[in-house]
Amino acid sequence: MKWIFATLTFLLSMISFAQTSSIILGNQFYKDGQFEQAEMQYRKALETEPENTTALYNLSNALHRQKKYEDAAKVAATFYKATKDTALKSAGYYNEGVSYSKLNNLEASIESYKNALRLNPNDKESRENLQKALLQLKNKQQKKDEKKQKQDQKMSQKEAEQKLKQLQQKEKELQEKMNKKTGGGQTQDW
């Protein structure tokens, strides 16, 4: 019985060590700027423990560094759902917000930053990024409104040109009728 317990304990510690060594190796790759290799190591650690918050958080960062923003946002969401720690949840929302900002999904990034601030109201970076995202969204909306207004003006110009052409055509038709009545181009002297 002791032998089985000892064997199980040894196997569990080996799995834990392998998982931890993958994270450590991933961190070394990350530090060296080898983000693809770091990603592979973090994923390797997640194979044995899919909700390992350290591996999830680090994987999200490695994906972000590779400009895989959509994947980084998904992993960040998995991370903040897996952790119970409010500071870590806040960091996960922050990372998700940064990824959405890079994807130019301003509405989603704003919501992520708000969630980060709900959990950690003193998070200066989340607050600053929220303000930037709100300003970008406002500018984007203004540009959209200006573009629509210009299109409306252009349509009005086109309509005016069409009406002018119609009036010119009617005037031409009237002159032709007048010319027919007066005998083909002769004018009467009153």
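Restricting the search to the range 98-111, which residues are assigned to a helix (DSSP H, G or I) and farther than 16 Å from Leu56 by Cβ?
Selection gives Tyr100, Ser101, Lys102, Leu106, Glu107, Ala108, Ser109, Ile110, Glu111.
With respect to Gln175, is the statement that it is surrounded by fewer than 15 Cβ atoms within 10 Å (Cβ to Cβ) and over 30 Å from Leu63 (Cα atoms) true?
Details: surrounded by fewer than 15 Cβ atoms within 10 Å (Cβ to Cβ): yes; over 30 Å from Leu63 (Cα atoms): yes.
It is true that Gln175 is surrounded by fewer than 15 Cβ atoms within 10 Å (Cβ to Cβ) and over 30 Å from Leu63 (Cα atoms).
How many residues does the range 1-53 contain that are touching a helix residue (DSSP H, G or I) at 6+ places or on another chain (Cβ under 6 Å), modelled with pLDDT of 50 or more and in a helix (DSSP H, G or I)?
18
For the range 89-97, state whether one or more residues are within 16 Å of the chain's Cα centre (by Cα), surrounded by fewer than 19 Cβ atoms within 10 Å (Cβ to Cβ) and outside any loop (DSSP other than H, G, I, E, B).
no
Mind listing just one residue for me: the one in the range 55-72 that is touching a helix residue (DSSP H, G or I) at 6+ places or on another chain (Cβ under 6 Å), in a helix (DSSP H, G or I) and among the polar types (S, T, N, Q) and, of those, nearest to Thr20 (Cα to Cα)?
Asn58
For the range 80-100, what are the residues that are touching a Ser or Thr at 6+ places or on another chain (Cβ under 6 Å) and under 25 Å from Gln34 (Cβ atoms)?
Result: Tyr94, Asn95, Glu96.
Please find, within the range 59-97, the residue that is modelled with the highest pLDDT out of those that are more than 18 Å from Asn129 (Cβ to Cβ) and small (Gly, Ala, Ser).
Ala62
The values are calculated or read from the model by the stated rules, or taken from the named source; none is laboratory data. None of these values were measured; they are calculated from a predicted model. Neighbour counts are summed over all protein chains in view; Cβ atoms, including those assigned to glycine, are modelled from backbone coordinates with ideal geometry.
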